[in-house]
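Everything on this sheet refers to the single structure shown next.
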Amino acid sequence: STILVLHGPNLNMLGTREPGVYGHETLADIDDRLRSKAADQGHHLLHLQSNAEYELIERIHEARAEGVDYILFNPAAFTHTSVALRDAMLASEIPFIEVHLSNVHAREAFRHHSYFSDIAEGVICGLGSQGYDLALEAAFQRIQ
Ligand code: DQA
């Protein structure tokens, strides 16, 4: 099966961006680890980070056409703002898990609302990059 990992804006800065909140690992560290875990299970893992809403939307449209089976999605700041990305996920009909590195509920009030949580199969937040690993484990089981 094919799993797509989507990372929203500013996540390309991981490693140097507010390390107290987001940790010291880079996005490449995380993607490499997920790709090898997926390969171990016989799955194909694709990933994209973009700072542009339209690129993420177009990638989600392609994912539907391509037959992607599952998405792990950290929409980053778009979590709290983007009806357009929500609509893209609904249109794709691809099941997904929403992931956040930080515990958004322990932060500013504007991070408490997500445009994705009610349409996600599950939500993981506050566990740092391990959240992606846990989401991937869940995806393996849900794909079967
Ligand atoms: C984030 C949380 C968001 O509120 C924030 O805008 C991000 C990252 C996280 O992974 O903790 O950019 O999605």
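The values are calculated or read from the model by the stated rules, or taken from the named source; none is laboratory data. All figures in this text were calculated on a predicted structure; none of them were measured in a lab. Here Cβ is always computed from backbone atoms with ideal geometry, including for glycine, and neighbour counts include all displayed protein chains.
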Inset, instruction - Considering (1) at negative phi; (2) not in a helix (DSSP H, G or I), say which one residue 132 fails and leave the rest. - result: (2)
Inset, instruction - Look at segment 111-130 and say how many of its residues are under 19 Å from residue 46 (Cβ atoms) and loosely packed, with under 13 Cβ neighbours inside 10 Å. - result: 0
Legend entry - Scan of segment 56-91 for residues that are in contact with a strand residue (DSSP E or B) (Cβ under 8 Å, 6 or more places away or on another chain) and more than 22 Å from residue 126 (Cα to Cα), ordered by number: 56, 59, 60, 63, 66, 67, 68, 69, 89
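Right, residue 96: at pLDDT 95 or above, of a type in the set (Phe, Trp, Tyr) and out of contact with any helix residue (DSSP H, G or I) (no Cβ under 7 Å at 6 or more places or on another chain) or not?
The answer is no for residue 96.
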Legend entry - Residues that are in a helix (DSSP H, G or I) and farther than 26 Å from residue 92 by Cα, drawn from segment 1-27: 13, 19, 20, 21, 22
Inset, instruction - Starting from residues that are near the ligand (Cβ under 7 Å from one of its atoms) and touching a Ser or Thr at 6+ places or on another chain (Cβ under 7 Å), keep the ones in segment 75-99 and report whichever is nearest to residue 61 (Cα to Cα). - result: 75
Inset, instruction - Being away from the ligand (no atom under 13 Å from the Cβ) and among the charged types (D, E, K, R) narrows it down to one of 111, 33, 17, 107, so name that one. - result: 33
Inset, instruction - Check off (1) over 18 Å from residue 115 (Cβ atoms); (2) among the charged types (D, E, K, R); (3) at pLDDT 95 or above for residue 53 and give me the number that stays unchecked. - result: (1)
Legend entry - Only one of 108, 98, 93 that is of a type in the set (D, E, K, R) and surrounded by 14 or more Cβ atoms within 10 Å (Cβ to Cβ): 98
Legend entry - Flag for residue 133 being of a type in the set (D, E, K, R), buried (at least 16 other Cβ atoms within 10 Å of the Cβ) and either over 24 Å from residue 10 (Cα atoms) or in contact (Cβ under 8 Å) with a residue 60 or more places away in the chain (or both): yes
Legend entry - Flag if residue 59 is at pLDDT 95 or above, among the basic types (Lys, Arg), more than 26 Å from residue 19 (Cα to Cα) and more than 11 Å from the ligand (Cβ to nearest atom): yes
